[in-house]
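Read through the structure below, which is laid out as structure tokens, and then see the notes.
The values are calculated or read from the model by the stated rules, or taken from the named source; none is laboratory data. Just so it is clear, the model here is predicted, and its values are computed rather than measured. Cβ coordinates were reconstructed from backbone atoms using ideal geometry, including for glycine residues, and neighbour counts include every protein chain displayed. What goes into the accessible areas is simple: the full protein's heavy atoms, side chains included, and nothing from ligands, DNA or RNA. Shrake-Rupley method; radii C 1.70, N 1.55, O 1.52, S 1.80 Å.
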Amino acid sequence: MQMNTPPRSTIRLTRRGRVALIATGAVVVATAVAVPLLTLTKEDDEETRPTSLVIREGWRTGQVYEAVDMALALPLGSTKKSLAKADLKLPNDAEGNPEGYLYPATYPLDKTATPESLLALMVNTANKKFSGSPVTAGAQRNAMNIYQAVTIASIIQAEAVTKADMGKVARVIFNRLERGMPLQMDSTLNYALNRFTPTTTTNDTKLESPYNSYQRMGLPPTPIANPGEAAMRAAINPTPGGWLYFVTVKPGDTRFTASYEEQQRNVAEFNRLRRSASPSPSNSNAISTSVPGSPSASTPR
């Protein structure tokens, strides 16, 4: 399986897409009960203060930093600046970047909590989750290391609409890697552009970035989000199948296929539904899915 990112390739095969949804589940560390982002306690006339912090599945590091700043009532940017002195136990491949290792969970906040202590707790939790024998064995079985598995899980987390789809998205990733096809995932472009959007333009796909999986082969250089347990499980146990493409035609209707022609029909149906919902759609969000010698089509993320 090709995992590294070689020099830029001009290969354009196809693309796939989906409507982005943020996973709302959170793996709980201190308690088995799901809680809001910030849980508050109030004692008599004392000012309310958060007692726990939820890190959501699929959040990027920037979102985690902001949540910690808010929870500790710190100026925005404080947690990010604390990385230099946090001494996080990250794998060598991460090169000091904690993306993918700020594990989604509920973390307690006491009076001694600091950005450094919270980040360290998140990374230590990730290391415990990722170093277990099921993950290690699953990564080895699929000819990858743990960091690559986390990277794939982060893409799955960003791309899959439901947990049921995660295994199929994982299989699309593996199938494309094994065939030497570019991943062509909009989620990696969104990460490079620091945005969240269900649309990608043809111009976007020309972006000069190692995270541009339209122009570059293999996996992105780092994870693109912090995946949860279900996405990690899918990354090491992809659902059997020959799928190479998928598109969410409408909410609750994500279609996977090994046929480019069928993918184009699914994309056409998406476009028809989008046009009926928006009588005067803007052409600024049109996305070309052309391959050499074939007509283009517009498709969702």
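Couple of notes before you dig in:
- Where labels lie 7 Å past Cα in the beta-carbon direction, separation of residue 277 and residue 253 in nm: 1.1
- For peptides 215-228, 122-135, sequence by mean Cβ density within 10 Å, most packed first: 215-228, 122-135
- Whole-angstrom gap from segment 72-110 to segment 188-262, using each part's C-alpha centre: 25
- Rolling a 1.4 angstrom probe over the protein heavy atoms with all chains in place gives segment 77-165 an accessible area of 45 Å² per residue.
- Applying a threshold of 27 Å to the alpha-carbon distances of 85/111; 80/163; 89/163; 80/128 flags 80/163; 89/163 as lying beyond it.
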